[in-house]
Amino acid sequence: MDPRLAEGSGFRLDQPGPGLPAPPLSLLFRRTRTVLVARSVTLFVVAALFEIGGAWLVWQGIREHKGWIWIGAGVLALGLYGVVATFQPDDHFGRILAAYGGIFVAGSIAWGMVADGYRPDRFDVIGALVCLVGMAVIMYAPRGH
């Protein structure tokens, strides 16, 4: 897609509206990039909620003997995780899943803290931060294309 087009609108971002000067393209590319990164991170967070939540529901259904409804809800959530991942702006499945791994690690620790009272130690936190940095490098490093 031409980065000068506002997503889905057909309007060029580098052409001014009536009586408005055109903003510099470098500013538009930065804004567009920022919006794409924000959208991508949001999709990763939503995917994490579905995947981690789904796995937790299955765990509760089986390990905590809460029954088939919990398991079924977990399976449904896990399926929705797969759907959400398809909305990422990058076309490379392997890159998306590799980068998502960082979100999964950090999100799993956060989920455990909220849902199960898990208290991470400093190595859990350091490991999660390393994974998040890895996610950022994989997904958002400038690739020159």
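The values are calculated or read from the model by the stated rules, or taken from the named source; none is laboratory data. In this text the structure is predicted, and so the values were computed from the model without any measurement. Virtual Cβ from ideal backbone geometry, glycine too; neighbours counted across all protein chains shown. To get the accessible areas, we keep the full protein, side chains included, count just its heavy atoms, and leave off ligands, DNA and RNA. Shrake-Rupley method; radii C 1.70, N 1.55, O 1.52, S 1.80 Å.
Taking the options Ala141, Ala115, name whichever one is open to solvent by 30 Å² or more (accessible area, probe 1.4 Å), at pLDDT below 95 and more than 15 Å from Glu51 (Cα to Cα). Don't jump to the end; show me each part of the working.
Values: Ala115 fails: more than 15 Å from Glu51 (Cα to Cα).
Just a single option satisfies the conditions, and that option is Ala141.
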| said: So, in segment 51-67, how many residues would count as being touching a Ser or Thr at 6+ places or on another chain (Cβ under 6 Å) and open to solvent by 40 Å² or more (accessible area, probe 1.4 Å)? | reply: 0
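Listed here are the residues, each with its yes/no results for (1) under 13 Å from the mean Cα position of the chain (by Cα); (2) closer than 19 Å to Tyr118 by Cβ.
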site: Val37; (1), (2): yes, no
site: Leu43; (1), (2): yes, no
site: Phe50; (1), (2): yes, no
site: Ala55; (1), (2): no, yes
site: Gln60; (1), (2): no, yes
site: Trp68; (1), (2): no, no
site: Gly72; (1), (2): no, no
| task | Find all pairs meeting these conditions: Cβ atoms under 6 angstrom apart; at least six residues apart or on different chains; first residue within segment 68-88 and surrounded by 14 or more Cβ atoms within 10 Å (Cβ to Cβ); second residue charged (D, E, K, R). | result | Tyr81/Glu51
| task | Could you list all residues from segment 91-112 that are closer than 25 Å to Arg33 by Cβ and either basic (Lys, Arg) or open to solvent by less than 40 Å² (accessible area, probe 1.4 Å) (or both)? | result | Arg95, Ile96, Ala99, Tyr100, Gly101, Gly102, Ile103, Ala106, Gly107
